Amino acid sequence: MNIRKVMPSDIGSFVKLYSLSYRGLEEYAYTQKKDIELYFRWLLKRDPEGFIIVESDEPIAFMACDTNWFSVIEGEDVGEIHELFVHPDYRGRGIGRTLVEKAVDYAEERNRRIMGLWVGVKNFSAKEFYRKMGFTERASLGKWTRMIKILKD
C-alpha cells in the first residue's frame, strides 16, 4: 500500500471512487461528474499538502485535511477533514484510521488545536467510526452533524 499527496492527474480516480464510496449515501454527496470534479479541484486548492490518496493496485482511499480552514463554530483555524472515503471492498482494514491519524498529525504540525468535520446525521457508521477516533458531536445543522477532536488545550 502506498500513501502519497494527490496530484491533479488523480481527478479521474477521485470521481470514480467517490461515486462508488457514496452509494446509498447520495443525500450527502455530489452525484454529477462535473460537480465531483469541481469539488476535487476545490479540495486540491484548499490545502494540497493535506490531500492524500491510498493506492494498492488501484486507488482505494482519499482524504482531504484542510489546515487553512477557519471554523465559525469553533472561532479559530482548525484541521478540517473535508473528505474521507475508502473503497467498499477495503473497509474495515484500518485504512480510514490511518488516514485520520495522518490528518491529526498534519494538523498538530500546523499548530491546530482542534480537528473538525461534518458528517451526515444518518451516516451512523461514519459517526461511530469518528467517535472511536476520539471525536465528539458538537452540533447539528440540517442534515449535518459537527464533530470535533481537541488536539491540545
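Read-outs: derived from the displayed coordinates by stated rules, not from any lab. These numbers were taken from a predicted model, which means no experiment stands behind them. All Cβ positions, glycine included, derive from the backbone under ideal geometry; neighbour counts span all protein chains shown.
Note on Lys127: aspartates and glutamates with a C-alpha under 18 Å away, same-chain residues under 8 apart excluded, are Glu26, Glu27, Glu80, Glu83, Glu101, Glu137. Once the Cα atoms are used to define both axes, helix 11-21 deviates from the longest principal axis of the chain by about 70 degrees. If you average the alpha carbon positions of region 46-72 and of region 73-124, how far apart do those two centres end up, in angstrom? Using only Cα atoms, the two centres lie 9 Å from each other.
Give the residue list of trypsin sites (Lys or Arg not before Pro) in region 23-84 that are DSSP loop and have at most 12 other beta-carbon atoms within 10 angstrom. Spell out each step's value before the answer.
Numbers: sites: Arg23, Lys33, Lys34, Arg41, Lys45, Arg46; in loops: Arg23.
Loop-located and lightly packed - Arg23.
Angle of helix 33-46 to the longest C-alpha principal axis of the chain, folded into 0 to 90 degrees and rounded to 10: 50°. For the chain, the Cβ-based charge dipole about the Cα centre amounts to some 320 debye (Lys, Arg positive; Asp, Glu negative; other atoms uncharged). Since only Val104, Gly24, Ile81 are under comparison, the one whose Cα sits farthest along the positive direction of the charge dipole of region 2-150, derived from C-beta charges on Lys, Arg, Asp and Glu, is Gly24. Specify the angular offset, from 0 to 90 degrees and rounded to the nearest 10, of the alpha carbon long axis of helix 95-109 from the longest principal axis of the alpha carbons in the chain. Roughly 50 degrees, rounded to the nearest 10. The slack in the chain from Asp89 to Lys33, taken as 0.36 nm per residue of separation less the alpha-carbon distance, amounts to 18.0 nm.
Just need the Rg to Rh number for the chain, please, alpha carbons only, Kirkwood Rh. Don't skip to the end; give the middle numbers.
On the way: Rg = 14.5 Å, Rh = 15.6 Å.
Taking Rh as the inverse mean 1/r over Cα pairs, Rg/Rh reads 0.93.
Helical runs (DSSP H, four residues minimum) scored at -39500 (n - 2.57) apiece and divided by the length of the chain put the mean residue ellipticity at 222 nm at -10000 deg cm²/dmol.
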